[in-house]
Amino acid sequence: MPQMIIDNKTIEFKSGQTIIQAALENGFDVPHFCWHPGLSVAGNCRMCLCDVGMPRMNPDKTPALDEQGKQIYNFLPKLQIACATPAADGMFVRLNDKKVESAQESVMEFLLINHPLDCPICDEAGQCKLQEYGYKHSKGESRFIETKNHKDKRRPLGPNVLFDGERCISCSRCIRYANEEAQQPVLTFVNRGDHNTIETFPGQEFDSPYSMNVIEICPVGALTSQDFRFKARVWDMSFNETICTGCARGCNINAGVRDNEILRLEPRVNMEVNQYWMCDHGRLNQYKFVNTNRVQQAMIRENGTLLDADWSVAYTRSAEILKHYQAHEIMFFGSARATNEDNFALVELARHIGSPNIDFVRYHDEAFGDAKLRHSDRTPNAKGAETLGVKPGNGGVSADSFVHAVQAGKIKAVVIIEDDIAGLSSAHAQALASLECVIVQASNMTATAQAAHVLLASATYAELEGTYTNFQERVQHVEPAVVSKENASRMGLKMSRLDKFGAENDRWTNGEKRDCRMHWRNLTGIANALGAGWSYKKSADVFSALADKYEVFSGMDYALLDERRGILFGKAHEEYVPVFEYSSHDLKPQS
Amino acid sequence: MRSPAGKETQKDRMGFWERIYLPEIAKGMATTFKQMFEPAVTREYPEERFAPTGSYRGRPVLVLEEDGERCVACGLCSRVCPALAIQVQAGETLERDKERYPEKFEINMLRCIFCGFCEEVCPEEAIVMSKDYEMVFQNREEAILGKEKLLTPVAQLQDRLEYLRTHQYYEPK
Ligand code: SF4
Ligand code: SF4
Ligand code: SF4
Ligand code: SF4
Ligand code: FES
């Protein structure tokens, strides 16, 4: 591999890389605004200037050495931009010296001439690149006493993105994103000099299904989210890693949580799954159901109404009712929205009871899928449910024949995890209503939950620990992002500052801590009430049982899944080369 | 001095006259007697009240201008508050020039330690320490003051604002 020297440290790089790529991959900090690894190189912000030298050669092509025998370098007369200068073998780069520092200072002073400095009301504050570099690479003083330019402060570029002209530093990341990634080239610069600003072409708006990614890549607070605007300061939220369950892609995301409520979702880099992006649909919808319309606790129907019950009572009751029926009269609905662990536990329970009637419902929507991220399978774990054998056994009733089987009196009891079966069609709703035993584990108060005889509150993706298998057959690990009674003991450090230090009687920390449990835990409760003697205590126990049993999962465990950012079926034993993950700007200082 | 066992005994600590107490009691009585003829420093509250000057750090309040509150709900006071007494929820308005305002602003006076950091950090001079030191609450809920109790017309805060202008905590170089 070719070698170069950055700040007196010799590093290796891949040929074809630019200086900034080589430097970032080797842990150097190169200030930059306009460069983004997912976009073309524009080289217009000049923040990444560095001093570049090449080894001097004697006329006879031998290296020129000084008296001490050290290589002499010829430095280029002007500073070069690290983002557009290819790294070369033997190159010497200075990222930190007087000349570079003074260039950075000048660029910062220039960018701040017309910047409004409205950090107090700017949603970006706390994770803004301009703020960060203002501390690190600028004198913190301006020589400009003239009045600042005024521009539009609240212009919608599309339905979800608002543009603040005064904060824009004209880096063109958003324009390049719209052209190259969103494939909707509607943004452009207009006017010149300090009147330069961004506009959409007349009569067009930036409404691509991926438009909101510009909010993250904008290095400043010029592009803000219509949905999130002013909901919280970034330092008041904890950003907890999780996975979007909006479709079979399983984009890696962070959930911004304050007061135990998810306030926003944003993409987290995973080069194999979603790279740097996520879709607007996921971003706008995948947190709302976590916050609202939840099933609050275990409930049992007495004389027609659902009443609160103890968990252990609900488990025993479920087992008692199930015992009234023959195994082949009971139907089990797994779910492509539940984790591998949950579906595994359900399959085991059906096996324990001896019922062949097990299946799950598929949610396909061709109109949703596209060639970028969105997948026509609208569930996060159909692959997992399939692989773990959530399908009818010999002569078993399938999801499609369920209504018919109920009408024919073949099915008399049903156990449902997660899915809203009654919401599928009125025939399904009627079928459920006609049954005497409907055991439902649901996170939200759906029609199915309301039809239950025993209702067990279940954790959403944001409260559980488990794994999902996306359409690529990549198994990905999720950990809880919000606190529930079940996971409270492990969440301490992951909570936001306010949640961590609030007391019971503080109004700002009374966000609900729901009494919901993971499906596999509920299923274990029922199975044990039926005398199965399962000993699962935590998700990892279920996962290791599952990994022992199914070849494709063998060798996987949660730590390994985290380290490799997800593992493809059957690839746990293969060698793994870590990939560099660029993140444009994060909350500073990182907690 | 320590006794051989390593324990300090009363005998080690005190001399003979101290150990018999009586001279010490007499000294104490003499001090008390002398105080009876000194001028009194206590006040007959509530008939007689203390009128603080601008430098006094009483209950923090929000400054109310003619066209509404100064606060832009930046949350810096809430961030800096060492006692986590302040909660701010920002909202957006299209009516005023300042697009951001506090939809909710609450100070929990049971938490507040009157340090004045919120006043110091505020970029809008929107929260200041008032002269109010009379805080009586019947229960915890009552001690959480909302916007309606916090907003104070700017005219009533002139002393403090004047004090802040003349005594900046931080002098920019
Ligand atoms: S873009 Fe950055 S520097 Fe500008 S106002 Fe927003 S936070 Fe402050
Ligand atoms: S809006 Fe943001 S991303 Fe777009 S040019 Fe301005 S600063 Fe760059
Ligand atoms: S593409 Fe799918 S997984 Fe990714 S954010 Fe959108 S809905 Fe979620
Ligand atoms: S620091 Fe000032 S402007 Fe900001 S929220 Fe507090 S009172 Fe309002
Ligand atoms: S990052 Fe190199 S010029 Fe902007």
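Under a 5 Å amide H to amide H cut-off, with H placed in plane at 1.01 Å, what residues pair with A:I6 once short-range neighbours are removed?
For A:I6, whose amide H was placed from the backbone, the distant partners under 5 Å are A:I11, A:V93.
How big a patch of accessible area, both sides summed and in Å² to the nearest 100, lies buried between B and A at a 1.4 Å probe?
2200 Å²
Rounded to a whole number, what % of the accessible area of the protein assembly as shown do carbon and sulfur atoms account for, probe 1.4 Å?
Ligands and nucleic acids excluded, carbon and sulfur give 52 percent.
For A:502-515, what's the mean count of beta carbons from other chains sitting within 10 Å of each residue's beta carbon?
Partner-chain Cβ atoms within 10 Å, mean over residues of A:502-515: 3.
Per residue of A:111-118, what is the mean number of Cβ atoms on other protein chains within 10 angstrom of that residue's Cβ?
1
Which of the trypsin sites (Lys or Arg not before Pro) found in the range A:166-256 are loop residues per DSSP with 11 or fewer other Cβ atoms within 10 Å of their Cβ?
For trypsin sites (Lys or Arg not before Pro) across the range A:166-256 that sit outside H, G, I, E and B with at most 11 neighbouring Cβ atoms in 10 Å, the list reads A:R192.
Could you list which residues have their amide H under 5 Å from that of A:V361, counting only those 5 or more apart in sequence or on another chain, with H placed in the peptide plane?
Those qualifying (amide H under 5 Å, at least 5 residues apart or on another chain) are A:A336.
Run through the range A:70-107 and list the trypsin sites (Lys or Arg not before Pro) located in a DSSP loop whose Cβ has at most 14 other Cβ atoms within 10 Å.
Answer in residue order: A:K70, A:K78.
With θ taken as phi - 60° and the coefficients 6.51, -1.76 and 1.60, list the Karplus ³J(HN,Hα) couplings across the range A:259-267 in order, rounded to whole Hz; mark glycine and proline as x.
6, 6, 10, 7, 9, 7, 10, 9, x
Tell me which cysteines of chain B come out unpaired when the rule is another cysteine's Cβ under 4.7 Å.
Cysteines of chain B left without a disulfide-compatible partner: B:C71, B:C74, B:C81, B:C112, B:C115, B:C122.
Which shape class, rounded, prolate or oblate, goes with the range A:204-264 when its Cα gyration tensor gives a ≥ b ≥ c as root eigenvalues, a/c under 1.5 marks rounded, and past that a/b bigger than b/c marks prolate?
Because a/c hits 1.5 or more and a/b fails to exceed b/c, the range A:204-264 counts as oblate.
Which entries in the list A:K153/B:K149; A:K139/A:K231; A:K98/A:K129 go over 30 Å, if you measure between the two C-alpha atoms of each?
Result: A:K153/B:K149; A:K139/A:K231 exceed 30 Å.
GNM on chain B, C-alpha springs below 10 Å: top fluctuator among B:Q158, B:Q138, B:Q87?
Top of the fluctuation ranking is B:Q138.
Can you say what percent of the DSSP beta bridges in chain A, counting only those with both residues inside, are antiparallel? Round to 5.
75 percent
Taking amide H atoms as placed 1.01 Å from N in the peptide plane, list the residues 5 or more away in sequence, or in a different chain, whose amide H sits under 5 Å from that of A:A422.
A:T448
GluC sites (Glu not before Pro), restricted to the range A:13-119: which are DSSP loop and have at most 14 other Cβ atoms within 10 Å?
Taking the range A:13-119 and a limit of 14 other Cβ atoms within 10 Å, the loop GluC sites (Glu not before Pro) found are A:E67.
Restricting to DSSP H runs of at least four residues, report the calculated mean residue ellipticity at 222 nm for chain A, -39500 (n - 2.57) per run over all residues, nearest 500 deg cm²/dmol.
After summing the helix terms and dividing by residue count, I get -6000 deg cm²/dmol.
Take each uninterrupted DSSP H stretch in chain A, measure its Cα extent along the helix axis, and return the ones at 30 Å or beyond whose mean Kyte-Doolittle hydropathy is at least -0.5.
Length and hydropathy pass: none found.
What is the Cα centroid distance between the range A:471-524 and the range A:314-366, reported in whole angstrom?
26 Å
Considering only B:V154, B:V136, B:V63, give the residue with the highest GNM mean-square fluctuation for chain B, with springs between Cα atoms whenever their separation is below 10 Å.
In this elastic network of chain B, the residue with the biggest mean-square fluctuation among B:V154, B:V136, B:V63 is B:V136.
Tell me, what is the per residue accessible area of the protein assembly as shown in Å², probe radius 1.4 Å?
48 Å²
For the protein assembly as shown, evaluate the Debye formula with one uniform point scatterer on each Cα (no solvent term) and list log10 I(q)/I(0) at q = 0.05, 0.07, 0.08, 0.10 Å⁻¹, rounded to two decimals.
So the normalised log intensities are -0.39, -0.70, -0.85, -1.11.
The values are calculated or read from the model by the stated rules, or taken from the named source; none is laboratory data. Note that the coordinates shown come from a computational prediction; the quantities given were computed from them, not determined experimentally. Heads up, the Cβs are rebuilt from the backbone with ideal geometry, glycines too, and the neighbour counts pull from every protein chain shown. With ligands, DNA and RNA removed, areas are computed over all heavy atoms of the protein, side chains included. Shrake-Rupley method; radii C 1.70, N 1.55, O 1.52, S 1.80 Å.
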